[in-house]
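The values are calculated or read from the model by the stated rules, or taken from the named source; none is laboratory data. Computed from a prediction, not measured in an experiment: that's the story for all the values here. Every residue, glycine as well, gets a Cβ built from its backbone with ideal geometry; the counts of neighbours run over all protein chains shown.
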Amino acid sequence: MTQERKDQLYDQMIAWICEHIKNDEDLFLALNGHFGMTKEELHDHSIESLDRFFPTEETEAVVTSESVHPVGISLTDFISKVSEMVSSDDKTAVLDWIEFASFMTDVDESGGRTLESELQELYLPLCYVRNNFSNSVLQQSLELDTIGNEIIYGAMLFAAGYPDNVVRDIGNEGHMEDGYIPLSADEKGSLFVVAVADRNDCIFIGNNMEGGTTFECLRRAVQLAEMRGRDIASVLEHPATAGMPLRKISDARLIDAVKISCTASTAFDHIAVYDPVTEEVRLTATEGLTTEQRDAFFCCGAPDQADGITQQM
């Protein structure tokens, strides 16, 4: 993004904030308390009505804890507040707010986490939802009060038809944590699924790996499990042993949502399934996959039950 574009966003956001926050104390909280704008910076935007909130030598303005809190607000409260201020059903503008706020933070020289890094952990997963799911799922995700590494799993649940209250319960139970944080804002289809046929108690998700590499890693994991007399799922739980970093999901509702999202979104690039009956590993791309083919593939992995599914040996 160019500096000219950043300046344009800055001016537009300040104007939008002033237009939608009518109460002076709330406006001061947003501009000074949250974004840290000084009196001089406010004057640059012709905002002088908030001068009384700044203590000066001429007047002893007392800013109490009941009125203005200069320490700011939490990230989730910030997202919720912005969502409330966007009056239309389309909450996509919240993404612009997050991106805008990230440019107004300073680098933490002590090496700790900055607001910018935390905002990126919200912004990038939301962009992934925008790029890979329907607009209705994006709107639900923007209204969900959650942390960055839960956003994509939450979108999968929304895409599978789970209502807000159920998604919130699943998040509160801790089943949505350790989700994927994308590397950039334009990612599409970065995820893949690894499963064991006819096993409904767990599924594995990986990211940024070609299908052929996934297939080879899974085949080696199967060989290792047989050699050590271990269950294949126990091998896949350990990234160093399996040769690929995977996240295990064991909640039945989220497993259901992951499978549905393989065809209800573009979030997943491919599916790899190990069939313990035939002792074969099969792989299919999700592009063009029908729900019937998907269900047959997860069930037993047999390509003859799902036209167009490819098998690698």
Review point. If only one of LEU218, LEU224 is surrounded by fewer than 20 Cβ atoms within 10 Å (Cβ to Cβ), more than 18 Å from the chain's Cα centre (by Cα) and within 18 Å of GLU280 (Cβ to Cβ), which one is it?
Key: LEU224
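Do the conditions hold for HIS270, that is, is it within 21 Å of SER190 (Cα to Cα) and free of Cβ contacts under 8 Å to residues at least 60 places away in the same chain? Reasoning before the result, please.
Values: within 21 Å of SER190 (Cα to Cα): yes; free of Cβ contacts under 8 Å to residues at least 60 places away in the same chain: no.
Criteria not met by HIS270.
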Practice item. With the condition kept exactly as written, say whether any residue in the stretch 176-184 is aromatic (Phe, Trp, Tyr) and under 30 Å from GLN139 (Cβ atoms). Key: yes
Exercise for review: For LEU29, indicate whether it is over 17 Å from ALA93 (Cα atoms), at pLDDT 75 or above and either part of a helix (DSSP H, G or I) or aromatic (Phe, Trp, Tyr) (or both).
Suggested key: no
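For GLY211, are the conditions met, namely being of a type outside the set (A, V, I, L, M, F, W, C) and modelled with pLDDT under 85? It would help to see each step written out before you state the result.
Working: of a type outside the set (A, V, I, L, M, F, W, C): yes; modelled with pLDDT under 85: no.
The answer is no for GLY211.
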**Study point:** In the stretch 276-313, the residues that are in a loop (DSSP other than H, G, I, E, B), more than 22 Å from CYS217 (Cβ to Cβ) and at pLDDT 85 or above
**Key:** GLY288, THR290
